[in-house]
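See below for the structure under consideration.
The values are calculated or read from the model by the stated rules, or taken from the named source; none is laboratory data. Given the structure is predicted, the values throughout are model-derived calculations rather than measurements. Because the Cβ atoms are built from the backbone with ideal geometry, glycine has one as well, and the counts that use them run over all protein chains shown. Please note that ligands, DNA and RNA were not included when accessible areas were found on the heavy atoms of the full protein model with its side chains. Shrake-Rupley method; radii C 1.70, N 1.55, O 1.52, S 1.80 Å.
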Amino acid sequence: MANREKNKKTLLELAKLSQNCCCADCGAADPDWASCTLGIFVCLNCSGTHRNLPSVSRIKSIRLDFWDDELVQFMKANGNRAAKNFYEKFVPVFYYQPQPDDCEVLREQWIRAKYERMEFTEKNRERPYTAGVFEGMLWKKGKDNGQFLERKFVLSVHDFTLKYYKEDESKGPKATISVKDLNATFQPEKIGHAYGLQITYCVDHHTRNLFVYHKNGQEIVNWFNAIRAIRHVYLKTAFPTASDGDLIPWITRNYLKEGYMEKTGPLQREPFKKRWFILDSLNRKLLYFKTQLDAIELGVVFIGSENHGYSVRECVPKGTRGNKWKCGVIVETPDRQFVFMCEQERDQREWVEALKTVISKPMMPQDYTSKIITLLIRCESEESKQCLHICGIALSRWHESPLCVKAL
């Protein structure tokens with residue numbers, strides 16, 4: 001007869017081992033659950049997906065459930081490391097492996113891909129997202145009316161483009177998007193669909209958004225990884241000497257912080273207006289839109305480093321017009337002071353912390369090019385002689401910098 005307390009103690013000790021102390025699927029710390037058929041330790045969130053795979057995985061609590069001696073011995077003989085070596089042996093380098101805070105569909109499809117479809121146990125197995133061309137139907141949000149309509153999308157590695165078509169494909173693609181600046185990130189809450197994906201790209205240095213979804217979770221994750229696959233090929237072509245470790249962060253990225261703030265104009269005498277902000281930490285850009293589902297940005301603020309005169313702090317501005325929110329954030333740049341207002345103190349703290357994270361990072365050579373482009377875009381929107389003068393100074397400083405040749 002099994003000794004309940006002894007087996008519980010053994011399981012808890014196994015879960016503390018370095019190879020088992022994080023969830024086998026998302027990496028969350030201190031997993032309290034285990035699959036007694038796969039021999040792995042998982043977190044509460046991932047255990048829910050495993051319960052939906054009864055033919056593959058059987059979940060038990062390592063603290064509350066009864067364990068037979070044979071099951072405990074099976075857990076001792078296996079564990080997360082052994083499972084990883086088998087089920088993840090041939091995961092493509094570009095394939096996105098979910099983190100604890102990622103959305104449910106990414107976690108679910110990762111688990112199903114590993115244990116149900118066994119996509120990564122064979123070296124040369126064909127996977128749809130690794131083909132040279134990936135195409136299918138996605139529901140896309142209309143630019144004007146906001147309705148989601150079914151559109152055909154084609155992703156091609158041959159010319160590094162993403163194209164989408166309206167009803168009559170004979171008229172050619174509605175848009176042809178270069179993968180050079182393409183990004184994709186899951187946004188289920190923003191889009192209002194569990195399988196919602198935000199695709200971002202650049203046109204004439206301005207950011208554009210496409211909001212899409214698919215009714216099938218596996219299909220939308222395949223689209224996401226197909227985009228990552230073609231981005232990886234593009235980056236390997238553009239930077240042949242760079243390692244995969246250097247390129248992976250640039251394949252796709254989640255944004256550091258998003259949310260509404262109120263914003264005033266350059267003179268700080270203009271009325272405050274509510275805008276949706278996105279902080280892209282990799283490109284050091286604070287983008288703002290009229291609403292969270294706008295297709296085109298209204299403007300962008302470059303966020304440099306502390307060594308280059310950038311800072312952020314909380315504030316309570318006085319004498320401002322039209323602002324309904326009272327929790328202020330001031331971003332100081334070498335050229336201008338930006339004032340934003342948050343609705344709550346929590347939002348204020350989170351924005352300041354996120355901006356400090358970017359400002360604390362040293363600038364890379366390519367960041368100087370991004371800064372100049374951002375200044376030029378601001379000049380276009382503000383039509384300011386002073387702004388053009390600032391751009392001239394920035395350009396002259398940049399060309400005098402030894403980093404100029406490296407970045408260009």
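Filtered by the rule that a residue be assigned to a loop (DSSP other than H, G, I, E, B) and more than 25 Å from the chain's Cα centre (by Cα), segment 159-189 gives LYS166, GLU167, ASP168, GLY172, PRO173, LYS174. Run down TYR234, TYR201 and say which single residue is among the hydroxyl-bearing types (Ser, Thr, Tyr), assigned to a strand (DSSP E or B), open to solvent by 10 Å² or more (accessible area, probe 1.4 Å) and on the phi < 0 side of the Ramachandran plot. Criteria check complete, one pass: TYR201.
Here is the figure for segment 271-317: residues that are more than 18 Å from ASN209 (Cα to Cα), of a type in the set (S, T, N, Q) and surrounded by fewer than 16 Cβ atoms within 10 Å (Cβ to Cβ) total 2. Hey, does segment 2-23 have a residue that's assigned by the TED database to the domain that holds LEU106, closer than 18 Å to GLU88 by Cα and among the β-branched types (Val, Ile, Thr)? Scanning segment 2-23, I find no residue that is assigned by the TED database to the domain that holds LEU106, closer than 18 Å to GLU88 by Cα and among the β-branched types (Val, Ile, Thr), so the answer is no. Being among the hydrophobic types (A, V, I, L, M, F, W, C) and in contact with a His (Cβ under 6 Å, 6 or more places away or on another chain) narrows it down to one of LEU182, LEU155, LEU138, LEU149, so name that one. Checking each option against the conditions leaves just LEU138.
Only residues that are without any contact (Cβ under 8 Å) to a residue 24 or more places away in the chain and surrounded by 15 or more Cβ atoms within 10 Å (Cβ to Cβ) were counted in segment 60-82, giving 1.
Within segment 278-304, residues that are without any contact (Cβ under 8 Å) to a residue 24 or more places away in the chain reach partners that are in a loop (DSSP other than H, G, I, E, B) and hydroxyl-bearing (Ser, Thr, Tyr) with beta carbons closer than 7 Å, at six or more positions or on different chains, in the pairs ILE278/TYR255.
Yes/no per residue for (1) among the hydrophobic types (A, V, I, L, M, F, W, C); (2) farther than 20 Å from ASP102 by Cα:
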| position | (1), (2) |
| --- | --- |
| LYS171 | no, yes |
| TYR201 | no, yes |
| TYR213 | no, no |
| TRP223 | yes, no |
| ILE227 | yes, no |
| HIS232 | no, yes |
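Against the test of being under 30 Å from ALA184 (Cβ atoms), assigned by the TED database to the domain that holds MET364 and of a type in the set (Gly, Ala, Ser), the options GLY299, GLY328, GLY265, GLY309 yield a single qualifying residue, GLY299.
Of the residues in segment 317-325, not one is polar (S, T, N, Q), modelled with pLDDT under 95, in the same structural domain as MET364 (by the TED database) and closer than 24 Å to GLN187 by Cβ.
Restricting attention to segment 345-376, the residues that are in contact with a Phe, Trp or Tyr (Cβ under 8 Å, 6 or more places away or on another chain) and either at pLDDT 90 or above or in a strand (DSSP E or B) (or both) add up to 2. Taking segment 165-185 as the range and being touching a residue at least 40 places away in the same chain (Cβ under 8 Å) and touching a Lys or Arg at 6+ places or on another chain (Cβ under 8 Å) as the test, the residues that pass are VAL179, LEU182, ASN183, ALA184, THR185. Taken as a whole, the condition of being in the same structural domain as VAL157 (by the TED database) and in contact (Cβ under 8 Å) with a residue 60 or more places away in the chain applies to ILE220. The set of residues from segment 83-99 being surrounded by fewer than 16 Cβ atoms within 10 Å (Cβ to Cβ), of a type outside the set (A, V, I, L, M, F, W, C) and closer than 22 Å to LEU247 by Cα comprises LYS89, PRO92, GLN97, GLN99. ARG269 satisfies every condition listed in (1) more than 29 Å from LYS141 (Cα to Cα); (2) part of a helix (DSSP H, G or I) except (2). Restricting PRO249, PRO334 to residues that are assigned to a loop (DSSP other than H, G, I, E, B) and not aliphatic (A, V, I, L, M) narrows the list to PRO334.
Exactly one residue out of ASN183, ASN225 is open to solvent by less than 10 Å² (accessible area, probe 1.4 Å) and more than 30 Å from GLN348 (Cβ to Cβ), and it is ASN225.
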